[in-house]
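The values are calculated or read from the model by the stated rules, or taken from the named source; none is laboratory data. From a predicted model like this one, the values you see are computed outputs, not experimental measurements. Here the Cβ positions follow ideal geometry from the backbone for every residue, glycine too, while neighbour counts run over all protein chains shown. Quick note on the areas: whole protein, heavy atoms, side chains included, nothing else; ligands and nucleic acids left out. Shrake-Rupley method; radii C 1.70, N 1.55, O 1.52, S 1.80 Å.
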Amino acid sequence: MAGDTTLSENYAFAGVYHVFDQHTDSAVPKVQFAHDDRHLLACCSLDGTISVCRLAPGPPAVLRVLRGHGGGVADFAWSLSNDVLVSASLDGTLRLWAPADGRCIRRVPDPDGAALLCCAFQPLNNNLTVVSDPPPASPGRSTPPGTSLDPPG
């Protein structure tokens, strides 16, 4: 335990706050604190938005809502310095955001139009890793999951 504190003191709850009430009609698949910041967090929603929130000082508040995806946001990640958020959407796009002002810095479509499911920054150099659904099969061709879509031959 930290210092001379007990287990119950380390996990003492000071209250419950509702900072995600703007996502009333859609699921929130992920909530994540910014790196080394216990007061800044974000959540993504299947309504296509990301909320950036501040928990202290003062009452918790939504600082900004990042809008632009045409489908649900399945995942997001903070860069190591917290100056960029990356989001992966079911609309088949990855977006880079400036959470300080809410700007979309860049939109990157999946070349196959596949839904993007998760994303992560590599902590040493901020390279990105993104995972998607298999690309849609061409009409008249059924492809089971995990099968290569090589052209017939």
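Asp75 meets all of the listed conditions (1) at pLDDT 95 or above; (2) open to solvent by 70 Å² or more (accessible area, probe 1.4 Å); (3) among the charged types (D, E, K, R) but one, namely (2).
For the range 29-51, give me each residue that is outside any loop (DSSP other than H, G, I, E, B), in contact (Cβ under 8 Å) with a residue 40 or more places away in the chain and surrounded by 18 or more Cβ atoms within 10 Å (Cβ to Cβ). Within the range 29-51, Leu40, Ala42, Cys44, Ile50 qualify.
Condition check: at pLDDT 95 or above and either small (Gly, Ala, Ser) or surrounded by 12 or more Cβ atoms within 10 Å (Cβ to Cβ) (or both). Does Leu96 satisfy that? Answer is yes for this residue. Residues that are under 16 Å from Val28 (Cβ atoms), part of a strand (DSSP E or B) and either of a type in the set (D, E, K, R) or at pLDDT below 95 (or both) within the range 52-63 comprise Cys53, Val62, listed in sequence order. Within the range 64-101, being acidic (Asp, Glu) and more than 11 Å from the chain's Cα centre (by Cα) holds for Asp83, Asp91, Asp101.
Taking the range 56-70 as the range and being farther than 18 Å from Arg103 by Cα and in contact (Cβ under 8 Å) with a residue 40 or more places away in the chain as the test, the residues that pass are Pro59, Pro60, Ala61.
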